[in-house]
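Worksheet: the structure to be examined is printed underneath.
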Amino acid sequence: MTTETGELVGRIRRAASAFMVAWVEGMRDVPGNPARVTVERFGGTVALACELLPDLDFANSVHGLAAEHVGRVDDVTAVYRRLGLRGWTEVAPVPGAASLLERLTAAGWAQTGFWGSFCGPPAPPPAPMGVEVVEAGEADMADFARIHLDGHEVPAENRGPDEAAVRAWHGRPGWRLYLALVDGTPAGSAALTLDDGIGYLANAATLPAMRGRGCQTALLARRIADSAEAGCDTVASLAEFGSGSQRNLERAGLRVAFTQAVWRMR
């Protein structure tokens, strides 16, 4: 891996982690912490844990694990053991990854899958006809949160804290939120974060009844265009390997930057 490639991998991973950490910290900061969220930091390594949603991967994820600090695997494992949860993390193919994988195995983690990281220049694809994309303001956040949760098919019994946390996305520095409108009706939602020259295309969702109408293509086009306008040199996103999200990203001009191995505690 060249130095330039390694730097790009690092920037993409930091942007993705910053989004997830901020999201889960927002869940923690809902008054009373009803989701029973714990955020523990060990230097640059962050362990996120959510007792209300033990099977929600991103809410129980580790960020910033590095080969030069393999001992932190034991620290974060202890957090999840104490809370009775199963941690989840992604390991990129960077120098020293083998030692990190060995330590995860010894601590009782196992590989469960793959995620792809995608990137490309901020060159927006043509926007589809029939879908209008608008930036979401504070007054739009009820619709934004509803679409986000419905699009991800979050069960009704778990929506309270997550909805409050998503509403809190509005006004975060470097974050932009969007709604896709079909015939004037909100049908899709998405976020964009701007950090260190990366336009991170974060967490998009479409209402199940409105899928196949071009919402995701329109949201990608708008966010890529806004990344270019903001001076980003790269846009990036994550998707499960072989998924529909991957196909959407590739149609928008992004290509695989690297593949991450998904590891989870047994």
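Side notes on the structure shown:
- Within the range 199-221, tally of residues that are farther than 18 Å from residue 121 by Cα and either part of a loop (DSSP other than H, G, I, E, B) or in contact (Cβ under 8 Å) with a residue 12 or more places away in the chain (or both): 13
- In the range 39-76, residue surrounded by the most Cβ atoms within 10 Å (Cβ to Cβ) [restricted to those that are among the β-branched types (Val, Ile, Thr) and over 19 Å from residue 112 (Cα atoms)]: 46
- Residues in the range 222-254 that are free of Cβ contacts under 8 Å to residues at least 60 places away in the same chain and surrounded by 15 or more Cβ atoms within 10 Å (Cβ to Cβ): 223, 226, 245, 248.
- Contact annotation: residue pairs with Cβ atoms under 6 Å, 6 or more positions apart or on different chains, pairing a residue in the range 49-72 that is closer than 17 Å to residue 21 by Cα with a partner that is surrounded by 16 or more Cβ atoms within 10 Å (Cβ to Cβ) and aromatic (Phe, Trp, Tyr), are 57/88; 60/88; 61/88.
- Hits in the range 245-256 (condition: small (Gly, Ala, Ser), more than 16 Å from the chain's Cα centre (by Cα) and on the phi < 0 side of the Ramachandran plot): 252
- Residues within the range 151-182 that are buried (at least 17 other Cβ atoms within 10 Å of the Cβ) and of a type in the set (Asp, Glu), tallied: 2
- Flag for residue 156 being at pLDDT below 95 and outside the structural domain of residue 50 (by TED's automatic domain parsing): yes
The values are calculated or read from the model by the stated rules, or taken from the named source; none is laboratory data. Please read these numbers as outputs of a predicted model, since none were measured by experiment. Please note: Cβ atoms are built from the backbone with ideal geometry, for glycine as well, and neighbour counts cover all protein chains shown.
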